[in-house]
Amino acid sequence: MATKATAAVVDFARIYTSLGLGKETIASLQAFRKRNTEAQRLDAQYASQPTTVDFAYYRSILKNKAVIDEAEKILREFKPVSYDVGAHLKAIETFEAKAVEKAKETEQKIDLELKELQATLANIEDARPFDQLTVEDVGKAHPRLIEVVETMVKKGKWTVPGYKEKFGDLNLM
């Protein structure tokens with residue numbers, strides 16, 4: 001009973017999107033969920049049906065008692081066929097092994113991404129506020145920017161290409 005409650009709590013849509021699972025893994029999970037839901041539905045449907053046959057009722061209604069006697073005899077002698085489910089269990093174990101392998105790969109990806117995000121967060125926390133930056137700091141971070149500005153000054157260009165198109169002309173005259 002605890003497994004049903006646990007399965008109801010799992011948010012598969014969030015798992016699919018947030019863990020960055022591959023298409024094959026998502027398709028396998030969706031197929032598994034579909035088979036599981038169908039099996040649960042059939043189990044509930046068959047569990048609600050009566051399991052006994054009232055032969056006395058049929059004897060009182062039908063004229064041919066021999067048919068009912070034969071049906072009762074067949075039902076009493078019925079032995080369910082047993083199936084070898086080893087192949088199915090092996091397929092389930094294979095699927096489980098693949099799922100565990102994919103989960104480990106996903107865990108490694110998430111751990112790597114988490115480390116990168118923590119490094120980025122540390123970098124952001126250690127960075128100076130924008131209002132405390134100087135032109136020299138920007139130049140050290142992007143030396144190419146200093147070269148471009150020096151080239152523009154040498155050529156006598158005092159406007160940045162594309163600035164007016166993007167931000168408009170702020171001149172009042």
Label model pair LYS79, LYS140: point-to-point distance (7 angstrom along the Cα→beta-carbon line) in nm is 8.9
Local charge sum around GLY20 (other residues, Cβ-Cβ under 9 Å, Lys/Arg +1, Asp/Glu -1)? 0
Once you have the alpha carbon radius of gyration of segment 113-173, what is it after dividing by 2.2 N^0.38 Å, with N set to its residue count? 1.64
Quick check for you: with a 1.4 Å probe and neighbouring chains kept, what is the accessible area per residue of segment 101-171, in Å²? 96
Ignoring ligands, DNA and RNA, please state the percent of accessible area on the chain from carbon and sulfur, probe 1.4 Å. 61
Net length gained if the chain between ALA27 and GLU125 were fully extended (0.36 nm per residue, minus Cα distance): 31.3 nm
Which one is right for this structure if Rg and Dmax of the Cα atoms in Å is calculated from it: [x] 36.2, 115; [y] 18.0, 56; [z] 17.6, 51? [x]
Here, LEU133 and PHE167, labelled 7 Å along Cα→Cβ, have an inter-label distance in nm of 1.4
Given 0.36 nm per residue, what is the gain on full extension from PHE95 to THR51 after removing their alpha carbon distance, in nm? 12.4 nm
Take segment 75-144, compute every pairwise Cα distance, and split them into 5 Å bins from 0; I just need the percent in each bin. 3, 11, 9, 9, 8, 8, 7, 7, 6, 5, 5, 4, 4, 3, 2, 2, 2, 2, 1, 0
I want to verify a result. In a Gaussian network model of the chain, Cα cutoff 10 Å, which of these has the top mean-square fluctuation: GLU72, GLU107, GLU38? GLU72
Here the net charge surrounding PHE32, from other residues whose Cβ is less than 13 Å away from its Cβ (Lys, Arg +1; Asp, Glu -1), is +2
Any chance you could check the Cα centroid distance between segment 25-42 and segment 46-101 for me, in angstrom? 24
Using a Gaussian network model of the chain with C-alpha springs under 10 Å, which one of THR106, THR159, THR17 is most mobile by mean-square fluctuation? THR159
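The values are calculated or read from the model by the stated rules, or taken from the named source; none is laboratory data. As the structure is a prediction and not an experimental result, all values here were calculated from the model. Reconstructed Cβ throughout: ideal geometry from the backbone, glycine too, with neighbour counts over all protein chains shown. When the accessible area is computed, the model is the full protein with side chains, heavy atoms only, and any ligands, DNA or RNA have been set aside. Shrake-Rupley method; radii C 1.70, N 1.55, O 1.52, S 1.80 Å.
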